[in-house]
Amino acid sequence: LYARTEKLFLKRYEEETNLRCQLVIDHSASMYFPGEVSEDGDDFNKIKFSVYAAAALIELFRRQRDAVGLSLFANELDMSTRAKSSHAHHNFLYHELEKVLNTVSGDAPKETAAVKALHEVAESLHRRSLVMLFTDMLDNSERQDELFEALQHLKHNKHEVILFHVTDRKKEKEFDYSNRPHTFVDLESGEEVKVNPIDVRQFYREQMDKFTNDLKMRCGQYQIDFVESDVNEGVNPIMLQYLIKRQKLF
């Protein structure tokens, strides 16, 4: 072109930037806390919050022509799909999310053993992807170091990872219960503890703060985005976090 015109030209390429995203949801029994929520109401437990957030993200992926996959785990990896962008695939994902939403807490997998499941998810992602993980991180394997190693594995092959730490802040972190004896039941083990919340509230909050701060620190070390997600705040903060991350990637 320069030989013909004696002018310099800069050739620029334009192409659509397509993202591959894997939504990973913990659907163990602890994610069904608190249990007293209606399917169509405005109240949320952790699993309903995660399902609604995932469904909203899938709609965003559809509009942006991005590929999305879904993985569900509890004590093992129960389901995992490859990331696709077809209409039929989106309908399949909605169907799987609806099945999770319709599962009552008594029928949910009782235990959480995320280590093996997260390693399997990491091994299945062969192309660079954005991994969005919804979990309360209440793994009852008592192997916290191995759990963090599994999170680190998700960073393999330059994957970007966002960990949405799903909690009911008022009940699980602030321990805001009325000043009278309560019976607390572990949804996964069935163990019961009878206690007056005011007697243990200060110690409980200190332990929860320690757990959360340790989780934040580990995620920072592994360059994993850590997002505290309160089920009472709705899914809008999840959408905002995704859009910020996508803008940074491209």
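The values are calculated or read from the model by the stated rules, or taken from the named source; none is laboratory data. Fair warning: this is a prediction, and the values are worked out from it, not measured in the lab. Cβ atoms come from the backbone with ideal geometry, glycine included; neighbour counts cover every protein chain shown. Areas reflect the complete protein model, heavy atoms only, side chains present, ligands, DNA and RNA absent. Shrake-Rupley method; radii C 1.70, N 1.55, O 1.52, S 1.80 Å.
Here are a few things to note about the model shown:
- Accessible-area ranking of Arg205, Arg218, Arg12, Arg128, largest first, probe 1.4 Å: Arg12, Arg128, Arg205, Arg218
- Relative to the longest principal axis of the Cα atoms of the chain, the long axis of helix 46-63 makes an angle of roughly 10 degrees.
- Taking label points 7 Å from Cα along the Cα-to-Cβ direction, Arg127 and Asp186 give a separation of 4.3 nm.
- Shape category assigned to segment 194-234 from the gyration tensor of Cα positions, a/c cut at 1.5: oblate
- About its Cα centre, the dipole of segment 150-213 is roughly 240 debye, where the only charges are +1 on Lys and Arg Cβ and -1 on Asp and Glu Cβ.
- Put a plus charge on the Cβ of each Lys and Arg, a minus charge on the Cβ of each Asp and Glu, and nothing anywhere else: the dipole of the chain about its Cα centre is then about 1620 debye.
- Over the chain, all Cα pairs binned in 10 Å intervals from 0 give whole-percent P(r) values of 7, 29, 34, 17, 7, 3, 2, 1, 0, listed from short to long.
- On the chain, 48 percent of the accessible area sits on carbon and sulfur atoms, based on a 1.4 Å probe.
- Neighbour net charge for Glu206 - beta-carbon separation under 13 angstrom, K R +1, D E -1: +1
- Tensor-based shape of segment 132-250 (alpha-carbon gyration tensor, a/c under 1.5 rounded, otherwise prolate or oblate): prolate
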